[in-house]
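**Q** Handing you this structure, nothing more for now.
The values are calculated or read from the model by the stated rules, or taken from the named source; none is laboratory data. Just so you know, these numbers come straight off a predicted model, no measurement behind them. Every residue, glycine among them, receives a Cβ derived from its backbone with ideal geometry; neighbour counts consider all protein chains shown.
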Amino acid sequence: MKQVNFYYCAKLTFDDYVHNHSFALRVIPPETETQRLLSCSLNITPYVSTQQTVDAFGNNVTAGYLKGDHRFLDFEIKGIAQVDHTKHRTDYMPCYLYQSQYTKPDDALKEFYADIKRECTGTVADRAEYLCAALANTIVYEKGHTDTDTTAAQAFALKRGVCQDFSHILISLLRMDGIAARYIAGLAFCDGETHSWVEFWTGDHWEGIDPANNCLVNDDYIVISQGRDFRDCAIDRGVMFGSYTKQLQLVRSILS
């Protein structure tokens, strides 16, 4: 068990004014068997009243609406959590067995799995760790080549990517091997931004594995959201009106 301080902020800046802006944030960590919030506060600028809901995957959703013109949306969350990964989560959903938008394999990814599946034996945990190591030996962690729209197949073709890409590819491999797997977005000591990793279903509980670092998850990780892939876990989503053409997002996170 470990007590950790967490902090995350994001600054969304638009290149022109927007209005009638509806947004949904997934930034408040859920209370689960493995983590408990001792304190947590969320600040949003410009000020806006919000409503708290929980989505189908168990993620906390903060929904808001800004009617007037604005060129930025900033949000900051901080708190203290108690983390204990010796305990286990059991919130299984059958959808985690099936490939999703970001994880659907192409012929090259299917061929890669076919080439290594003979050595993929043992318990579910053994197989997950083997697939994770095989991925780490094939893909290079390198920023600047992928973005949030990149799929597992596209990242695998590039043979490089960031934590999101590693997670999508590993989930794709696990599901091909008949192992239910889900995408986790959260905070970790290894990163200064949000991080992502994977949880696989052992048969009676979830276990975490971090393919970008080729290691098992421990108490240095805090879950913010989970889902079939990045699409279900996006920190912020919004719909707005205006003549803007793009938005700049600056993020910073601290786990101590």
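**Q** So the check is Cβ under 9 Å with 6+ separation or different chains; which pairs have a first residue in region 234-256 that's farther than 15 Å from Ile28 by Cα and a second one that's of a type in the set (Gly, Ala, Ser) and in a strand (DSSP E or B)?
**A** Every condition considered, the pairs that remain are Gly238/Ser22; Gly238/Ala24; Val239/Ser22; Met240/Ser22; Gln249/Ala10; Leu250/Ala10; Val251/Ala10; Arg252/Ala10.
**Q** Condition (residue is outside the structural domain of Ala155 (by TED's automatic domain parsing), among the hydroxyl-bearing types (Ser, Thr, Tyr) and free of Cβ contacts under 8 Å to residues at least 12 places away in the same chain) applied to region 14-25: is it met by at least one residue?
**A** No, the conditions are met nowhere in region 14-25.
**Q** Among the residues of region 53-73 satisfying the criterion of being part of a strand (DSSP E or B) and within 20 Å of the chain's Cα centre (by Cα), which is nearest to Ile209 (Cα to Cα)?
**A** Per the stated criteria, the residue is Asn60.
**Q** Give the residue, chosen from Ala181, Ala133, that is buried (at least 18 other Cβ atoms within 10 Å of the Cβ) and of a type in the set (A, V, I, L, M).
**A** Ala181 is the lone residue from the list that is buried (at least 18 other Cβ atoms within 10 Å of the Cβ) and of a type in the set (A, V, I, L, M).
**Q** Now for a different question. Looking at (1) among the β-branched types (Val, Ile, Thr); (2) farther than 26 Å from Val162 by Cβ; (3) not in a loop (DSSP other than H, G, I, E, B), can you tell me which one Thr90 breaks?
**A** Tallying (1) among the β-branched types (Val, Ile, Thr); (2) farther than 26 Å from Val162 by Cβ; (3) not in a loop (DSSP other than H, G, I, E, B), Thr90 fails exactly one: (3).
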